[in-house]
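The structure appears below as structure tokens.
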Amino acid sequence: MTNKTRCLSVVMPVYNEAATVASIIQAVMAQDLVAELICVDDCSRDGTLAVLREIAAKDPRVKVHAHPVNMGKGAAVRTGISRAEAEFVIIQDADLEYDPAEYPKILRPILDGRADVVFGSRFIGSEAHRVLYFWHSVGNKFLTLVSNMFTNLNLTDMETCYKAFRREIIQSIEIEEARFGLEPELTAKLARKNVRIYEVAVSYHGRTYAEGKKIGWKDGFRALWCILKYSLVRT
């Protein structure tokens with residue numbers, strides 16, 4: 001793998017994650033690849049923004065942007081990506097479901113010059129996974145299947161949070177979805193660009209709804225609509 005340090009912009013949408021955000025930021029900033037962490041607080045109501053600003057005051061690599069009203073994950077990612085300055089960009093959730101220690105593995109195909117985009121798949125390989133909801137897993141796999149049918153990709157995990165990009169590629173995409181329709185929208189638009197997409201196995205430490213999981217069945221229907229919209233309509 002090409003030896004590069006401080007080449008990665010991490011975009012972190014944040015909403016009501018006061019209990020976990022300090023821990024995940026510590027894990028992100030411990031990675032040698034990270035040049036900057038762009039946290040976009042989506043009008044949290046639990047003190048998250050104060051935690052973010054306290055951390056940013058101590059580390060200039062942590063940059064905080066605040067939405068004045070709640071706009072959704074997609075909108076927060078859009079804000080963060082527009083401000084990214086490093087050579088590569090990855091999306092990181094503010095909970096503890098995905099492990100930043102896996103950044104080197106995720107970026108390897110890009111750093112080796114073989115890929116333009118890498119999806120971190122929860123459904124391949126032998127990495128550790130917390131056992132949780134059966135129907136949630138079925139829904140993810142169904143949405144990936146339908147997405148693949150329309151994009152002609154053979155992904156195993158379209159809905160994954162971990163997507164890494166060459167910066168010029170992700171900044172050339174106009175993100176329209178404000179909420180969880182972000183994932184199928186990005187996938188469809190990347191497929192149309194004919195970029196080189198790889199998948200690598202990642203671990204997944206999912207949380208329950210009682211622990212703060214936010215995505216629900218309504219978001220699944222929106223994702224299905226977005227697959228159709230962005231695959232069939234050239235936007």
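Couple of notes before you dig in:
- Condition met for Ser9 (closer than 18 Å to Tyr162 by Cβ, out of contact with any Pro (no Cβ under 6 Å at 6 or more places or on another chain), in contact (Cβ under 8 Å) with a residue 24 or more places away in the chain and outside any helix (DSSP H, G or I)): yes
- Any hit, region 80-94, residues being at pLDDT 95 or above, part of a helix (DSSP H, G or I) and surrounded by fewer than 20 Cβ atoms within 10 Å (Cβ to Cβ): yes
- Any hit, region 107-121, residues being out of contact with any Ser or Thr (no Cβ under 7 Å at 6 or more places or on another chain) and modelled with pLDDT under 95: no
- Residues that are at pLDDT below 90, small (Gly, Ala, Ser) and surrounded by fewer than 20 Cβ atoms within 10 Å (Cβ to Cβ) within region 190-232 comprise Gly206, Ala210, Gly212, Gly216, Gly220, listed in sequence order.
- Scope region 100-112; condition within 15 Å of Val28 (Cα to Cα) and crowded, with 19+ Cβ neighbours inside 10 Å; matching residues: Pro100, Tyr103, Ile106, Leu107
- Only one of the numbered conditions (1) in a helix (DSSP H, G or I); (2) in contact (Cβ under 8 Å) with a residue 60 or more places away in the chain; (3) of a type in the set (Asp, Glu) is violated by Glu183, and that is (2).
- Taken as a whole, region 20-31 holds at least one residue that is in a loop (DSSP other than H, G, I, E, B), touching a helix residue (DSSP H, G or I) at 6+ places or on another chain (Cβ under 8 Å), closer than 20 Å to Val202 by Cβ and at pLDDT 95 or above.
- Residue within region 118-125 that is over 13 Å from the mean Cα position of the chain (by Cα), more than 20 Å from Arg179 (Cβ to Cβ) and either of a type in the set (Gly, Ala, Ser) or not in a loop (DSSP other than H, G, I, E, B) (or both) present: yes
- One residue stands out among those in region 144-180 that are outside any helix (DSSP H, G or I) and aliphatic (A, V, I, L, M): the one that is farthest from Lys73 (Cα to Cα), which is Leu153.
The values are calculated or read from the model by the stated rules, or taken from the named source; none is laboratory data. Nothing here was measured: the structure is a model prediction, and the numbers come from that model. Every residue, glycine among them, receives a Cβ derived from its backbone with ideal geometry; neighbour counts consider all protein chains shown.
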